[in-house]
1. Greater than 31 Å separation of Cα atoms is the criterion. Which listed pairs, Lys83/Lys154; Lys55/Lys133; Lys41/Lys225; Lys83/Lys133; Lys41/Lys133, meet it?
2. Hey, which aspartates and glutamates would be in cross-link range of Lys92, C-alpha to C-alpha under 20 Å, not counting anything within fewer than 8 residues on its own chain?
3. How do the peptides 185-194, 121-130 rank, highest first, by the average count of neighbouring beta carbon atoms within 10 Å per residue?
4. Counting other beta carbons within 10 Å of each Cβ, put His197, His32 in order, fewest first.
5. Does segment 67-189 classify as rounded, prolate or oblate by the C-alpha gyration tensor (a ≥ b ≥ c root eigenvalues; a/c under 1.5 gives rounded; else a/b over b/c gives prolate, otherwise oblate)?
6. Which peptide among 176-182, 68-74 comes first, and what is the full order, when sorted by highest mean count of other Cβ atoms within 10 Å?
7. How large is ³J(HN,Hα) for each residue in segment 160-168, as worked out from phi by the Karplus curve 6.51 cos²θ - 1.76 cosθ + 1.60 (θ = phi - 60°), to whole Hz, x for Gly and Pro?
8. What net charge do the residues around Leu221 carry, taking every other residue with its C-beta under 9 Å from that of Leu221, with Lys and Arg at +1 and Asp and Glu at -1?
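Values in this text are rule-based calculations from the coordinates and carry no lab data. Keep in mind the model is a prediction, meaning the values are calculated, not measured. With ideal geometry, Cβ positions are generated from the backbone for all residues, glycine too; neighbour counts draw on all protein chains shown.
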Amino acid sequence: MRLRYLLLLSLLGLLPAKALGAENVNDLIARHLKARGGEEKLRAMQSLRMSGTLKSLAGGEGSFEMLQKRPNSIRQQHLQPGKKMIIGFDGKQAWAIDNSSGSDAPFVLSGIQADLIRLQADFDGVFLDWARKGHKVSYVGPEALNNRKVHHIKVLRQDGKVQHFFLDAETFLDQKISLEVVQGGTPLVLESLLSDHKPAGGIVLPHVIESVVNGRPQSKLILGKIEADPVLDDSLFRMPPPPADPGKDKKPPAPKSTVPAKPAKAAPPAPKS
């Protein structure tokens, strides 16, 4: 695909393909940011609260809430009857609570799980100030997605991870985002299918997000409410202390005495009259 376009440009005697590719991708990114509401509004927003319903295709449905705060704090909470999953990042430490193991105690995340929540925590996303952040972008070419033309942009992130963005050719909004990762030696392709884009707080956001892993659908998030610039305390994003042990401060019963009790003295005899 890319070679075909390079040959076409050469035949037409236009600018060198490398320069034109860079110009095209910058233009696409500018159109994308404008479609989302424009750089000024994106930079002005300081926090977000999103809530809705998360449906697992393996079965199960529950409430979902995500809090985000500039520059890179995030907290996601998923609740089902008898189940609680919370994932957070305060800009330094990634953590989680998952009571499916029988404990409400928070624990530190590491490896790919920590990497994913750090990636999502970037409040502005990849494209705003992408060069300053150390990312590299390239235009892969036009493709078809769900019978619509999309522009495929590849992003080599500063941390070495590779993401692919598919922007609608008419609206320039992102229709799909994919990320290539390796977990336990197994390569994985994580995809997010984005739809139902609507204005919220002055910017445009998708209200339906479907998650796919290696081509297999996993879950569907339907956002019902998005609040712009809510007041969010920093403590919401920090790992909470472990829950108090109800038996820790309870005093043990006093030990029983092993000294035999003294027999009661007999009452003295009554005086004779």
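1. Details: Lys83/Lys154 37 Å; Lys55/Lys133 34 Å; Lys41/Lys225 19 Å; Lys83/Lys133 37 Å; Lys41/Lys133 20 Å.
Checking Cα-Cα distances, Lys83/Lys154; Lys55/Lys133; Lys83/Lys133 exceed 31 Å.
2. Asp115, Asp122, Asp124, Asp159, Asp233, Asp234
3. On the way: 185-194: 13.9, 121-130: 17.7.
Ranking the peptides 185-194, 121-130 by packing returns 121-130, 185-194.
4. With the sparsest Cβ surroundings first, the list reads His197, His32.
5. Numbers: a/c = 2.03, a/b = 1.77, b/c = 1.14.
Prolate is the answer for segment 67-189, as a/c is 1.5 or above and a/b outweighs b/c.
6. On the way: 176-182: 16.0, 68-74: 19.1.
Sorting 176-182, 68-74 by mean packing, highest first, produces 68-74, 176-182.
7. x, 6, 10, 10, 10, 10, 10, 9, 4
8. Numbers: positive: Lys55, Lys220; negative: Glu210.
Local charge sum for Leu221: +1.
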